[in-house]
Structures are given as C-alpha cells and as structure tokens.
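K.L.:
Would you mind keeping the following structure in view while I ask a few things?
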C-alpha cells in the first residue's frame, strides 16, 4: 500500500503524462515511426512545459543534455548552431536533462553559461529517458509535426567536430523537409551514460 | 653495390621495426597505442584465448570507478584470458592523461586509443545493441564469438562469472 502510494506521489509530482505505446527498436529506445503523445516536464524555472507547447510547426528535436559531460561540451556550439538553423525552418529544439547527479542549480548555471537557444526541461527520476530509451548525452530524437519519430541517435559522426563527414541530424531534417526519404534514421555515437536514479 | 644493398636492407629493417612498433600491443599501461577502425578489428580478435575488451575514457566517471576492478580481473585471470582496454579519449591525450591514469591504476594490459572515421558505424559493428554509452565491456570466446557485453559499469561478480563460463569448456583441454 505504502509503495503504491509512493508510486502515485512520484507520478503526480513529476507531472509527466505519457500516453504512448513505446516500441523498443533493435538498438533500444523508440522505434522509428512511433508516435509519441505530448509530455509535461518542468523547465529550469519550475514552470511546466509540454511537448505540444514547445514543438515547431515542422517538428521537434528532443536532445538529451548534461551539465558535466565532456562530449556534450564538445557539441554545445554545434547544438546551438543547428538549433538556430532548424528553428528558422520550423523545427524547434527541446533540451532534456535526466541526470540524477546534476542539481537544478548546476543545470541552470550551465545552461546560462552555454546559452542554449532553446528551453531545457528537467526529467527528474529519468521518467522520460526511460520512456524514450535515451541512454547517453548528447542523444537526439527528431519528430515531425505529428510527433512521429523520424530520426534517433547521434548529431553527427565526430565528437570533436574537427572531422564531421556525416551530419545525421541535419541530413535527416533536410530530407524530411524536402519530402525525401531519410537515408539514415538511426546512428549511435559515443557519449556519457545518463546517470539514472537508482530504483528501489 | 653492397653499400646500396646494405642501405636498402637497413631501410627495410627500420620500416619493419616501425611497423612492429605501431602494431605490437603495449606491454603495460605506460604506453598507449593509437588505432583506427581497422586496427580495432584486430584488437577485438581473440588470440587463442578468450578476450575481454573494455571501452573507456578518462572523462567517463563510471569508467574510472570500475577500472580498479578491471585491473583486478586482469591480474586474477592472467594467462587464461587477454584483457585489453580501448580509450575513447582525444588523440591529444595519448601521451598525457591516458597513460598517467593507467599508471596510477597499475594497469598492465595492452592499452589502445581509438581514432575512428565513423563512430556510429563502428559502434553498430561491435554490438548492434550498444547505445554508445561508456564504459562498454565485451567478452569474446577463444573462437572469436561474442559471448557477453555490458553497457555501463560492470558488476565484478557478474563479469567473473561470465569469464568463468567462457573458460569452462577449455578447462579440460
């Protein structure tokens, strides 16, 4: 009874509403083509935001971030650059931080320091990360305007940014916006494992 | 003529030594060898013994946490299995923080640093269910077949059990 009560409390406290049936793809996470319904998570000021509030007219990129991950640090400038570029095309970025080891203050100051050009939401208890199957940072999920997953995985093929040859996210969005088939819908990349809350 | 031949031989010998130096695994953690995608394919191949390959980086906190256990496993199973480490650190760190860390850990296993042309493709080729998170530990049987993998920190008890399992059929040989 007590456990049920805790579960309910946690559920409502997180204010995260998921009404979707996630399919697990071969490499984990949502399967390409899955439709996700809107979710609600607090932003860095504690104000609840929904996916439907934040999504762009042409789609959304949900990107998992970290305040401490060196790989994210290497990507931050590129993330902001792509976010601005895609925002101009009607695709909005939404940042998510699910790391149990990063405090709100830390995430907040880091977001200010980096100057993310999109909202960052806090996924306490890694509920959204679990639903999406997000494993590392940075990791992106690109949805069309109907919240159908079109691409999942790496932003590009080079962490350092010095030798980028495959712009997975940019190419996927360009293909989708151009009405073409996306050549690569899934690409993993080395990143920092999301530090999840230890389940009881 | 003899001088030219001697000179050619010297060049050939020097080239061979250089090639060996490039491909010969480090005998301990004091030297980290740079490998590319093709080099990794060779590193992943079991050489008559089961092989444990640990992908890690100095910037990866759980990698650092589990490393002492990896060193213990290497010491315990010396001669029975090969343990190798593959760092995903920047090439700029190959002579500095990577070997420094390995020295601190008293790591004696061959140590490599991977510089990949296409990390996404590489990850999928190693294990299709690897999401790209570190650390990542994989065990290959002596026949080269992958028998176990774990993304995230390994549990020492579980890793030892998996190694014992892969060693079991060889015990009677």
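K.L.:
Give the relative contact order (percent, whole number) for chain A; include only Cα pairs under 8 Å separated by 6+ residues.
P.N.:
It rounds to 24 percent for chain A.
K.L.:
Sticking with this one: How would you classify region B:75-133 from its alpha-carbon gyration tensor, with a ≥ b ≥ c the square roots of the eigenvalues: rounded for a/c under 1.5, else prolate if a/b is greater than b/c, otherwise oblate?
P.N.:
oblate
K.L.:
Quick one: if you take sqrt(5λ) for each eigenvalue of the C-alpha gyration tensor of region A:125-200, what semi-axes come out, biggest first, whole angstrom?
P.N.:
25, 18, 7
K.L.:
Another question about this same structure. What do you get for the angle between helix A:2-14 and the principal long axis of chain A? Use alpha-carbon atoms, 0 to 90 degrees, nearest ten.
P.N.:
40
K.L.:
While we're looking at this one, here's another question. Please compute the Kirkwood hydrodynamic radius of chain A from all pairs of different C-alpha atoms, in Å with one decimal.
P.N.:
17.0
K.L.:
Determine, at each q value in 0.11, 0.13, 0.21, 0.23 (inverse angstroms), the log₁₀ of I(q)/I(0) that the Debye formula gives when each Cα of region A:70-174 is one equal point scatterer.
P.N.:
Debye intensities relative to I(0), on a log10 scale: -0.34, -0.48, -1.32, -1.55.
K.L.:
Go ahead and run the numbers for FRET between residue A:109 and residue B:78, Cβ-Cβ distance against an R0 of 35 Å, rounding to 0.05.
P.N.:
Given R0 = 35 Å and the Cβ-Cβ separation, E is 0.15.
K.L.:
With n ≥ 4 as the cut-off for DSSP H runs, can you work out [θ] at 222 nm for chain A, using -39500 (n - 2.57) per run divided by the number of residues, rounded to the nearest 500?
P.N.:
It comes out at -9000 deg cm²/dmol, rounded to the nearest 500.
K.L.:
Please state the relative contact order of region B:40-104 as a whole percent: Cα pairs under 8 Å, 6+ residues apart?
P.N.:
RCO, region B:40-104: 41 percent.
K.L.:
How far is helix A:168-177 tilted, in degrees, relative to the longest principal axis of the Cα atoms in chain A, given as a value from 0 to 90 rounded to the nearest 10?
P.N.:
Orientation of helix A:168-177: about 80 degrees from the principal axis.
K.L.:
With each pseudo-label sitting 7 Å past Cα toward Cβ, what's the residue A:87-residue B:106 distance in nm, one decimal?
P.N.:
5.4
K.L.:
Taking every DSSP beta bridge with both residues inside region A:116-200, roughly what % is antiparallel (nearest 5)?
P.N.:
75
K.L.:
Report, for region B:28-173, the % of DSSP beta bridges that are antiparallel, rounded to 5.
P.N.:
Counting only bridges with both partners in region B:28-173, antiparallel ones make up about 40 percent.
K.L.:
By how many degrees, between 0 and 90 and to the nearest 10, does the Cα long axis of helix A:104-114 differ from the longest principal axis of chain A?
P.N.:
Compared with the principal axis, the helix lies near 20 degrees.
Each reported figure results from applying straightforward, stated rules to the coordinates on display, with no laboratory input. Note that this is a predicted model, so its numbers are computed, not measured. Cβ coordinates were reconstructed from backbone atoms using ideal geometry, including for glycine residues, and neighbour counts include every protein chain displayed.
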